[in-house]
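Asks: Handing you this structure, nothing more for now.
The values are calculated or read from the model by the stated rules, or taken from the named source; none is laboratory data. Everything numeric here is computed off the predicted structure, so don't read it as measured data. Counting neighbours? That spans all protein chains shown, and the Cβs are built from the backbone with ideal geometry, glycine included.
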Amino acid sequence: MTITDALAQQTIELPSWAFGNSGTRFKVFAQQGVPRDPYEKIADAAQVHTYTGVAPRVSLHIPWDLVDDYDALAAHAAGLGVSIGAINSNLFQDDDYMLGSLTHPSADVRKKAIAHHLQCVDVMRATGSTDLKIWLPDGLNYPGQDSLRARQDRLADSLAEIYAALDPNHRLILEYKFFEPAFYAMDIPDWGTSLLHCLALGDRAFVVLDTGHHAPGTNIEFIVAQLLRAGRLGAFDFNSRFYADDDLMVGSADPFQLFRIMHEIVQSGALAPDSGVNFMLDQCHNIEPKIPGQIRSVMNVQEATAKALLVDAAALLEAQLAGDVLGANALVMDAYNTDVRPLLAELRESQGLDPDPIRAYKASGYAETIIAERVGGNQAGWGA
Ligand code: PSV
Ligand code: MN
């Protein structure tokens with residue numbers, strides 16, 4: 001397969017919440033034209049697909065994206081050329097979950113958290129989604145606060161109940177995060193813990209790797225290689241970070257890291273659409289306009305992918321087997337240092353797209369239209 005064919009087949013999933021207002025715990029800035037409901041979020045996400053051609057799915061977050069009629073929401077998406085992707089549960093915004101949700105010492109609270117996932121599975125059935133995505137905010141702030149081990153046991157039982165409720169075509173994808181909101185011990189702090197739970201659950205449970213969820217300096221591409229070896233890399237939540245879980249545009253802080261990740265993906269054949277790896281974004285655009293922010297992010301993933309595809313795999317293997325340290329490194333660096341923008345522009349033109357998606361979006365007048373039309377109502381924001 002040519003590099004262009006591989007790039008043409010790539011798809012990237014967008015998060016509905018990237019189109020709503022977001023911020024930090026200090027301030028959420030409202031932007032003009034922001035969606036008031038999930039229908040408008042999907043319309044904005046469809047714009048990203050219109051101009052990039054590679055973003056045909058939108059992840060939903062429940063209850064932020066609760067609607068009365070999911071058949072209608074799915075039909076709305078289809079009418080705009082996109083479909084519903086992963087359904088994210090939300091275990092971090094209910095007072096009952098202060099001391100945990102799926103790991104909570106109280107069986108009643110655990111029951112409530114499990115029931116929320118059954119509601120998410122119903123949304124999956126109605127929308128045709130196949131991925132139930134769980135990020136567990138549970139954890140401890142202080143040593144002794146609860147038993148580390150008992151919480152793992154409760155978690156295993158809760159997850160097993162959720163897994164049992166899935167349809168045969170559904171996957172459970174399980175995210176990890178090393179800190180925040182808990183500061184002493186998260187209940188799923190790392191890929192190893194997520195993987196152990198997935199292995200116990202069964203062959204439709206996979207790990208989600210959010211690039212912002214590691215300690216600074218972590219070698220993320222090593223984790224990618226390990227999870228691919230185990231056949232358990234289910235998805236990425238792509239974003240960038242400088243310090244903590246910053247949720248900045250992917251490829252903005254460390255494009256070389258993104259390239260190294262995509263290099264592992266390409267070398268393992270995991271770019272293929274049937275590889276089971278869902279390339280999702282999990283970002284917030286606090287100060288930049290949201291639709292072009294998403295377009296830029298999609299382009300950054302495409303550029304890193306194109307560079308990874310440029311690595312001469314045969315020559316690299318030869319250099320590696322010969323112990324040619326400098327030669328092997330040069331092959332990787334030459335690919336990284338290639339300007340792939342002309343190649344991607346050509347690809348877009350061959351698909352009938354504008355070679356410059358951001359310019360095309362700006363010229364479309366969509367931003368002005370939504371600013372004029374979306375007056376009144378409550379803007380969607382982090383938590384709504
Ligand atoms: C948690 O930090 C997380 O990465 C999870 O994926 C959540 O669902 C998402 O962010 C919320 O923005
Ligand atoms: Mn995430």
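Asks: Note down all Cβ pairs under 9 Å where the first residue falls in segment 198-212 and is without any contact (Cβ under 8 Å) to a residue 12 or more places away in the chain, the second is surrounded by fewer than 24 Cβ atoms within 10 Å (Cβ to Cβ), and they're at least six residues apart or on different chains.
Replies: Short answer, once both residue conditions are applied: ASP203/GLY231.
Asks: Against the definition (β-branched (Val, Ile, Thr), buried (at least 16 other Cβ atoms within 10 Å of the Cβ) and touching an Asp or Glu at 6+ places or on another chain (Cβ under 8 Å)), how does VAL301 come out, yes or no?
Replies: Answer is no for this residue.
Asks: Inspect segment 349-361 for any residue being within 30 Å of VAL67 (Cα to Cα) and modelled with pLDDT of 95 or more and give the result as yes or no.
Replies: For segment 349-361, residues within 30 Å of VAL67 (Cα to Cα) and modelled with pLDDT of 95 or more: present.
Asks: So, one more: Exactly one of (1) of a type outside the set (A, V, I, L, M); (2) more than 16 Å from ligand 1 (Cβ to nearest atom); (3) closer than 25 Å to ASP245 by Cα is unmet by PHE183. Its number?
Replies: Condition not satisfied by PHE183: (2).
Asks: Select, from GLY251, GLY202, the only residue that is away from ligand 1 (no atom under 16 Å from the Cβ), surrounded by 18 or more Cβ atoms within 10 Å (Cβ to Cβ), at pLDDT 95 or above and at positive phi.
Replies: GLY251
Asks: In this structure, does ALA304 turn out to be under 18 Å from the mean Cα position of the chain (by Cα) and assigned to a helix (DSSP H, G or I)?
Replies: Details: under 18 Å from the mean Cα position of the chain (by Cα): yes; assigned to a helix (DSSP H, G or I): yes.
Answer is yes for this residue.
Asks: Restrict the check to segment 38-56 and report whether at least one residue is over 12 Å from PHE19 (Cα atoms), touching a strand residue (DSSP E or B) at 6+ places or on another chain (Cβ under 9 Å) and in a strand (DSSP E or B).
Replies: No: segment 38-56 contains no residue that is over 12 Å from PHE19 (Cα atoms), touching a strand residue (DSSP E or B) at 6+ places or on another chain (Cβ under 9 Å) and in a strand (DSSP E or B).
Asks: Please find, among THR211, THR218, the residue that is within 16 Å of ligand 2 (Cβ to nearest atom) and surrounded by fewer than 22 Cβ atoms within 10 Å (Cβ to Cβ).
Replies: One residue alone meets the criteria, THR218.
Asks: While we're on this one: Tally up the residues in segment 118-154 that are of a type in the set (A, V, I, L, M), under 21 Å from HIS61 (Cα atoms) and not in a loop (DSSP other than H, G, I, E, B), please.
Replies: 7
Asks: Just for helices (runs of 4 or more DSSP H) wholly inside segment 323-367: which have at least 3 residues that are within 15 Å of ASP312 (Cβ to Cβ)?
Replies: It comes to 325-336.
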